[in-house]
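The values are calculated or read from the model by the stated rules, or taken from the named source; none is laboratory data. As the structure is a prediction and not an experimental result, all values here were calculated from the model. As a convention, Cβ positions derive from the backbone with ideal geometry for all residues, glycine included, and neighbour counts pool all protein chains shown. Surface areas here come from the heavy atoms of the whole protein model, side chains and all, with no ligands, DNA or RNA. Shrake-Rupley method; radii C 1.70, N 1.55, O 1.52, S 1.80 Å.
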Amino acid sequence: MERHCKGCRQNPGISLTQNAWFERLSHRIGPVTLLDLTVQRGLLETDQAERVREETARTGESLAAAIVRMGFANGLALAEALGAAFHMEVVDLQDTTPTREALDALPRKIVFAQACAPFGKLESGGTLVAIDNPADLDAQETIRFHAGGHVEFRVAPEDEIRAFQRRHYGVAGDTLEALGLDDEVIIDGGDAALTDSDDAARDASVVRLVNTILLEGIRERATDIHIEPYEDRLVIRYRIDGVLGQPGVDPMVHRFRHAITSRLKIMSNLEISEKRRPQDGRITFKHDGSEYDLRVSIIPMLHGEGVVLRVLDKTTAVEDLEELGMDQTTIEPWDVAIKRPYGILLVTGPTGSGKSTTLYASLARIVTDEIKCITVEDPVEYHVEGVNQIPVHRRVGLDFASGLRAILRHDPDVVMIGEIRDRETAEAAVQASLTGHLVFSTLHTNSAVGAPPRLLDMGVEPFLVASSLEAVLAQRLVRRLCLACRKPTGRPEAPYEAGGCRECRDTGYRGRHGVYELLPVDEDLRTHIMARAGAGALAEEAARKGMRTLAEHGQMLVEAGITSDAEIARVTAG
């Protein structure tokens, strides 16, 4: 009677000789031989493999994770190398839609503990399971045991397996599984269970749960993380490339809503016991060598406290205007404006349109050892070398207007006010510009021509606006079409449309690009402002002078294949 080894059971149909080789390779492959394999297949250079070995010894992470994180090879290339070495097929989990039967073939705790993905069923009733490390025979035996039937394994990149788990078991599903069902007493009951909720917030599992929610947002490039309580569910949403979306969260997370909020309050040094009034705080969060500043806003709602966290990467360098998407048609006159010795320059647009980023990039172009620049911001989002930056502290009376008056006594050449919100700040900005300072600020208007009427509505005298305002830049951010999956349309006015792939999370878009509208204020416009002309009259005058509108710049980006006409319509509507 022919005997079969473990390799035979795993790969039926492979000869005994092949399986014996497979088993020997599986048993002996370790950190050194796996790295040798990557070098042999041209994925890594020898010195890169040595750096990976040192990094994994330091961090304790898997070789695959270190290789991908360090940028030496992508996960798919690594999976293909392992698949070839172990005679195992590579599966694209991004294109799989598992049935409920497949997902239920393994207990959730085994799926997370063994870092696997049950993605399909065989006609014989067996289960198809993706793994990232074919060398781990113990993990495979554990999976077989708990599947209760025949299992065939495939190879997939580690990050795709984790993404599969997040899609089908929810963000932080492994942590929720670890928390289990016995913790319900510490989270339900509202104010009556406050003390227990506070204790839960310090529990290691809850700490890990909150960290996972934050890390997932950072991993997905979210600019905002929303945690919203409803009567029977807790919704977690990430704003990615300007659009909110739900990453998928296990319904069980609802039961830990109080503990999650309490943990975030602890992290941001807020009052844990205060649940009746809004609170604002800040969290410094470090991950993979980057430091993130999370601005926390907590507001009482009908079914609990809602939380929004703005995510700012403090290690990100200030980008150039060209990198933001500003073309020479806009850069050349804007450069002229920002090099003036005095006057007011405004950047307008809705919240999240990149106004502050444009101001930072503009300051970086003009600040030198001969120019002193001071800013008053709420909050300071990015550090700009050579710029003195002051955060607003309203509790002690330091707001935009008072901050501006104070910094003028420090002899600046250039000042930046985070936002003009009221008459007091507007008049302080005007006075600063008329006394020989160049003033940068932002304003919430839909277009460049809407800025002068807005200042007039605040109560600033027309002659002051006309004499101080030098230029207004309106802007939006549109999502870039994903270059890996954009689809040709055959239409020259809109040559590409959104597709969907693993690179862009099936959205068809990845990253953002600026859309700009610049209004230089000349003598003719000053005359219109003095006459209190509305936005319509100013728009006609600007068009006569050749101003390119947001919609016109957007259409140029569509024709260049950078974005889609649907995306331009979304951000310029109204």
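Across the stretch 348-485, the relative contact order, built from alpha-carbon pairs under 8 Å that are at least six residues apart, equals 28 percent. Between the beta carbons of residue 109 and residue 39, assuming R0 = 60 Å, the FRET efficiency works out to 0.95 to the nearest 0.05. Rounded, prolate or oblate: which fits the stretch 203-306 when a ≥ b ≥ c are the square roots of the eigenvalues of the alpha-carbon gyration tensor, with rounded for a/c under 1.5 and prolate only if a/b beats b/c? It is rounded, given that a/c, with a ≥ b ≥ c, falls under 1.5. Between 242, 217, 284, the Cα set farthest toward the positive side of the dipole of the stretch 203-290 (charges on each charged residue's Cβ, about the Cα centre) is that of 284.
Restricting the calculation to Cα atoms, the stretch 458-498 shows an Rg/Rh of 1.43 when the hydrodynamic-style radius is the Kirkwood one. Label positions at residue 544 and residue 100, each projected 7 Å from the Cα along the C-beta direction, are separated by 6.8 nm. In this structure, the amide hydrogen of residue 469, modeled 1.01 Å from its nitrogen in the peptide plane, lies closer than 5 angstrom to those of 344, counting only residues at least 5 positions away or on a different chain.
Shown is the FRET efficiency for residue 272 and residue 137, computed with R0 = 60 Å from the Cβ-Cβ distance and rounded to the nearest 0.05: 0.80. Subtracting the Cα-Cα distance of residue 235 and residue 87 from 0.36 nm times their residue separation leaves 49.0 nm of extension gain.
Ellipticity at 222 nm from helices only: DSSP H runs of n ≥ 4 in the chain, each -39500 (n - 2.57), divided by the residue count, give -11500 deg cm²/dmol. Put simply, the C-alpha atoms of the stretch 252-292 give a gyration tensor, and the ellipsoid matching it has half-axes of 22, 16, 7 Å, longest first. Here the calculated FRET efficiency for residue 532 and residue 560, from their Cβ-Cβ distance with R0 = 51 Å, stands at 0.85, rounded to the nearest 0.05.
Beta bridges assigned by DSSP with both partners in the chain are antiparallel in approximately 60 percent of cases. If I fit a long axis through the Cα atoms of helix 158-169 and take the longest principal axis of the Cα atoms of the chain, what angle between them do I get, 0 to 90°, rounded to 10? That helix lies at roughly 80 degrees to the long axis. Both numbers refer to the Cα atoms of the stretch 401-559; Rg and Dmax are 19.9, 60 Å. Scanning residues 5 or more positions from residue 171 or on other chains, those with amide H under 5 Å from its amide H are 249, 250, with H placed 1.01 Å from N in the peptide plane. Would you please classify the overall shape of the stretch 315-445 from the alpha carbon gyration tensor, given that a ≥ b ≥ c denote the square roots of the eigenvalues, rounded means a/c under 1.5, and beyond that prolate means a/b larger than b/c while oblate covers the rest? Verdict is rounded for the stretch 315-445. Database remark: amide H of residue 416 closer than 5 angstrom to the amide H of 374, 375, 376, 440 (H placed geometrically; neighbours at sequence offset of 5 or more, or on other chains; Pro and chain starts carry no H).
Within the accessible area of the chain, the carbon and sulfur atoms contribute 49%, probe 1.4 Å, all protein chains present.
Solvent exposure of the stretch 486-542 amounts to 51 Å² per residue of accessible area, where only protein heavy atoms count and the probe is 1.4 Å. For the peptides 343-352, 316-325, residues were scored by their other Cβ atoms within 10 Å and the scores averaged per peptide; the highest-first order is 343-352, 316-325.
Rounded to the nearest 20, the size of the Cβ-charge dipole of the stretch 451-497 about its Cα centre is 540 debye, with Lys and Arg at +1 and Asp and Glu at -1. 3J(HN,Hα) along the stretch 515-527, derived from phi through the Karplus expression 6.51 cos²θ - 1.76 cosθ + 1.60 where θ = phi - 60°, amounts to 10, 10, 9, 10, 10, x, 8, 9, 5, 4, 5, 4, 4 Hz, with x in place of Gly and Pro. Rounded to the nearest 20, the size of the Cβ-charge dipole of the chain about its Cα centre is 400 debye, with Lys and Arg at +1 and Asp and Glu at -1.
The mean of 1/r over all pairs of different alpha-carbon atoms in the stretch 257-353, once inverted, gives a Kirkwood hydrodynamic radius of 16.9 Å. In nanometres, what is the gap between the two model label sites at residue 503 and residue 152, each 7 Å from Cα along Cα-to-Cβ? For the pair residue 503/residue 152, the computed spacing is 3.1 nm. Ranked by the mean number of other Cβ atoms within 10 Å of their residues, highest first, the peptides 225-233, 95-103 fall in the order 225-233, 95-103.
Using a probe radius of 1.4 Å on heavy atoms only, what accessible surface per residue do you get for the stretch 245-382? Whole Å² is fine. Solvent-accessible surface per residue comes out at 45 Å².
Lysine pair count for the chain with Cα-Cα distance under 25 Å and sequence separation of 8 or more or different chains is 14. Taking label points 7 Å from Cα along the Cα-to-Cβ direction, residue 47 and residue 434 give a separation of 6.3 nm. When the alpha-carbon atoms of the chain are used, the pair Rg, Dmax equals 28.7, 102 angstrom. Computed about its Cα centre, the charge dipole of the stretch 446-574 is approximately 700 debye, with only Lys, Arg, Asp and Glu carrying charge at their Cβ. For the stretch 391-469, the per residue solvent-accessible surface stands at 42 Å², with DNA, RNA and ligands left out and a 1.4 Å probe.
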